[in-house]
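Structure, as structure tokens:
The values are calculated or read from the model by the stated rules, or taken from the named source; none is laboratory data. Quick caveat, the model's predicted, so the values are computed rather than measured. Neighbour counts run over all protein chains shown; Cβ positions are idealised from the backbone, glycine included.
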């Protein structure tokens, strides 16, 4: 495990929401959240949905409220005696019913404890709101009482050995300081958060505090460190665009685009000219303001653009490569930029580049200048550049343009293979029917997004989202490219049925 | 995911710029500098330090050549890569590292060019005849030539960062050069606003450096020579108008002038980074 590389941190996909509860028994319990649920102490009266055994928790201490329209959870403290701390801030009285509803995000820490959190009550209860924990997660307890320094990381020489690939070799160090600990980020690739906040260098850690490293949650309970061993995270992308306008809001380019893609999906984006394909791609890339949200692995891209932008890779239609550089040097430089020296040796980087070149089929071209390559080979280099950094989502704008039929199929097969490795690949293509598996004859795409320009508002709307065969049935066509004929306006050689298909899809969705 | 440090990225991009520049025949910039220097030096010739007019013109020509060569080095360096920069910025490139790498490459290229400019100039002109302030005129003139060429190269990077396309950059370039030449204070007397603007031009501080090194104020005008030989002008009397304070033969003046050139270079670097940040600003 030690020799393997640290991967870019992508919090686990938004699985069903759950609560990780840790009380005095030091035994972590994961409780699934299923809609509105009450939380309180076990007692003889009517029980709450989520029960804990702690005298400092009220009988009906708080409530988890599910907003189905937004798919998010809120928490309300029912004016309990001891209150609830959310990420270290105590909920305040709002009205006789309770506190204000507080929207919960993945990793938020709810705590019922004394007002002085640095001196936790022995009966304190910690609950972590999670969108990334599996109920069958394995938890480990390590007694760290005898150590002055506790190293945490993927390396085998650490006291706390993590299996999470998002953890660096020695990711963090906890140093005892009196009754507390000081946690140091050891120059990790993906950072360390303490009680929901990313630490800058180091931070003081008290009993009952919660560390998060990649997808690993570590809770300090007295002299015990409780932590999970997450499986390799997969990914999901949720696109929720209410409206994308330009020209000071006078012109709408996209309207009401909502769909979700899971890792492993190879998604075809279809649409006529002006339907908003490029605008959609830009919105997913976070390039330009959009009224909506792009949720990648439970995190809002627009709100965390700086840290998340590198998780979405773009293979542009027009290549962005320096033509006077060799293929190998191009990839080495990208690896040197994306993968820091501390966590990746030169050998590991070269090994990674070799793997990518072999996967994409450009190993034999490694010493060629980009200017000496054909259009198709340049596209492959462009794809390889994106693969260096462990991105979760790849968007390819016409990766098959300018290629012959055989090369188009080969290019699509490479992209499909990337998707099969737990990535999301989205492709704009005008020759989608060439992307077929040669043995089964089935389309390589798993999902199809069809954008159509409505004659009513001139904006691009979602005319379909779903599987390939479903798409063909929806539009009554035998080939994917015939969908364009259905939705394109008559002056572009189509039947002009865009509005009908937009309405049909809207009504199907309800 | 955290990206690699600024220093690491600058190193990576410097190697890249260096490698690509060599492949794209960077030596043509050196040949180009040699040709320009040869023409300039041949014109200024051995009589450069004969009188105020020849010295002033000689240094003005040298100053203009340095600025021209420097800007020409880099005017297309950034603007031709805007799409690549945008793509690499998304992948974690630090824009400041990219600019620093280009600045470092120009520092190296300009060092070679300055050595050539100065060497060729020395063939035609005996700088040993000139006055000096610190060590000897050769060292002082060379430092000025280098600072000017490098400053102009970074100015070129700035224009290139601001321009959207190579065509735009090449359209802007003549205007930048004209402003530099006019604002040197050699061709026209500068007053009020134009004088204020001249403070942010390399040519003004380049001429100030050359003027203070060679004690330009100490020279007599060419027109005095026939007057003296005819006896119309008494010895020790000069028709030279007011002495230019920027040419005063003082070490402090030279250091101030060099500091201005260096400061303008730093300013151009900062503006270049800011321009790229604005062009690639996050949503």
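Got a number for residues in the stretch A:385-401 being more than 17 Å from the chain's Cα centre (by Cα) and either away from chain B (no Cβ under 14 Å) or surrounded by fewer than 23 Cβ atoms within 10 Å (Cβ to Cβ) (or both)? The number of residues fulfilling the criteria is 5.
Apart from one condition, residue B:121 fits all of (1) within 11 Å of another protein chain (Cβ to nearest Cβ); (2) in a helix (DSSP H, G or I); (3) modelled with pLDDT under 90; the exception is (1). I need the full set of residues from the stretch A:406-449 which are part of a loop (DSSP other than H, G, I, E, B) and in contact with a strand residue (DSSP E or B) (Cβ under 8 Å, 6 or more places away or on another chain), in order please. A:423, A:429, A:435, A:437, A:442, A:444, A:445, A:446, listed by residue number. Candidates in the stretch A:221-236 are the residues that are within 26 Å of the chain's Cα centre (by Cα) and modelled with pLDDT of 85 or more; of these, the one that is farthest from residue A:280 (Cα to Cα) is A:226. Considered as a group, the residues in the stretch A:192-220 that are within 14 Å of another protein chain (Cβ to nearest Cβ), surrounded by fewer than 21 Cβ atoms within 10 Å (Cβ to Cβ) and in a loop (DSSP other than H, G, I, E, B) include one that is nearest to the chain's Cα centre (by Cα), and that residue is A:199.
With the condition kept exactly as written, say whether any residue in the stretch A:177-186 is closer than 19 Å to residue A:131 by Cβ and either surrounded by 20 or more Cβ atoms within 10 Å (Cβ to Cβ) or within 14 Å of chain B (Cβ to nearest Cβ) (or both). No, because not a single residue in the stretch A:177-186 is closer than 19 Å to residue A:131 by Cβ and either surrounded by 20 or more Cβ atoms within 10 Å (Cβ to Cβ) or within 14 Å of chain B (Cβ to nearest Cβ) (or both). Of note, residue A:93 does not satisfy the criterion of being surrounded by fewer than 18 Cβ atoms within 10 Å (Cβ to Cβ) and under 25 Å from the mean Cα position of the chain (by Cα). Screening residue B:164 against (1) farther than 17 Å from residue B:245 by Cα; (2) assigned to a helix (DSSP H, G or I); (3) at pLDDT below 90 leaves a single unmet condition, (2). Considering each of A:441, A:460, A:402, A:493 in turn, give the residue that is in contact (Cβ under 8 Å) with a residue 12 or more places away in the chain and on the phi > 0 side of the Ramachandran plot. Matching residue, one of A:441, A:460, A:402, A:493: A:402.
For the stretch A:473-497, the set of residues classified as surrounded by 15 or more Cβ atoms within 10 Å (Cβ to Cβ), in contact with a helix residue (DSSP H, G or I) (Cβ under 8 Å, 6 or more places away or on another chain) and assigned to a helix (DSSP H, G or I) consists of A:474, A:475, A:483, A:486, A:487, listed by residue number. Per the conditions (1) surrounded by 15 or more Cβ atoms within 10 Å (Cβ to Cβ); (2) at pLDDT 90 or above, the sole criterion not satisfied by residue A:500 is (1).
Within the stretch A:357-384, the set of residues being free of Cβ contacts under 8 Å to residues at least 40 places away in the same chain and within 14 Å of another protein chain (Cβ to nearest Cβ) comprises A:372 only.
Scan the stretch A:132-145 and give yes if some residue there is within 14 Å of another protein chain (Cβ to nearest Cβ) and at pLDDT below 85, otherwise no. No - not one qualifying residue is present in the stretch A:132-145. When we screen A:270, A:285 for residues that are modelled with pLDDT of 85 or more and at the interface with another protein chain (Cβ under 9 Å from one of its Cβ atoms), the only hit is A:285. Residue B:68 satisfies every condition listed in (1) away from chain A (no Cβ under 14 Å); (2) surrounded by fewer than 20 Cβ atoms within 10 Å (Cβ to Cβ) except (2).
So is residue B:54 part of a helix (DSSP H, G or I), within 14 Å of chain A (Cβ to nearest Cβ) and touching a residue at least 24 places away in the same chain (Cβ under 8 Å) or not? Here the answer is no, as residue B:54 does not meet what is asked. Within the stretch B:119-147, the residues that satisfy the criterion of being under 15 Å from residue B:33 (Cβ atoms) and over 13 Å from the mean Cα position of the chain (by Cα) are B:119, B:120, B:121, B:122, B:123. Taking the criterion of being more than 9 Å from chain B (Cβ to nearest Cβ) and either within 19 Å of residue B:277 (Cα to Cα) or more than 18 Å from the chain's Cα centre (by Cα) (or both), the only residue of the stretch A:288-300 that qualifies is A:291.
With the requirement that a residue be touching a helix residue (DSSP H, G or I) at 6+ places or on another chain (Cβ under 8 Å) and part of a helix (DSSP H, G or I), what does the stretch A:461-471 give you? Across the stretch A:461-471, the qualifying residue is only A:471.
Just checking, does the stretch A:329-347 include any residue being more than 11 Å from chain B (Cβ to nearest Cβ) and either within 12 Å of residue A:388 (Cα to Cα) or surrounded by 19 or more Cβ atoms within 10 Å (Cβ to Cβ) (or both)? Looking through the stretch A:329-347, at least one residue is more than 11 Å from chain B (Cβ to nearest Cβ) and either within 12 Å of residue A:388 (Cα to Cα) or surrounded by 19 or more Cβ atoms within 10 Å (Cβ to Cβ) (or both).
Residues in the stretch B:71-80 that are closer than 24 Å to residue A:319 by Cβ and surrounded by fewer than 20 Cβ atoms within 10 Å (Cβ to Cβ): B:76, B:80.
Just one residue in the set B:44, B:4 is over 14 Å from residue B:102 (Cα atoms) and facing another protein chain (nearest Cβ under 10 Å); that residue is B:4.
Within the stretch A:303-321, restricting attention to residues that are touching a helix residue (DSSP H, G or I) at 6+ places or on another chain (Cβ under 9 Å) and without any contact (Cβ under 8 Å) to a residue 40 or more places away in the chain, the residue that is nearest to the other protein chains (Cβ to nearest Cβ) is A:309.
If you check B:84, B:31 for being within 14 Å of another protein chain (Cβ to nearest Cβ), in a helix (DSSP H, G or I) and out of contact with any helix residue (DSSP H, G or I) (no Cβ under 8 Å at 6 or more places or on another chain), only one passes: B:84. Report, by residue number, each residue of the stretch A:237-255 that is over 16 Å from residue A:274 (Cβ atoms), at pLDDT below 80 and part of a strand (DSSP E or B). A:243, the sole residue that qualifies. Every test in (1) within 13 Å of another protein chain (Cβ to nearest Cβ); (2) surrounded by 21 or more Cβ atoms within 10 Å (Cβ to Cβ); (3) out of contact with any helix residue (DSSP H, G or I) (no Cβ under 6 Å at 6 or more places or on another chain); (4) over 22 Å from residue A:379 (Cα atoms) is passed by residue A:279 save one, and that test is (4).
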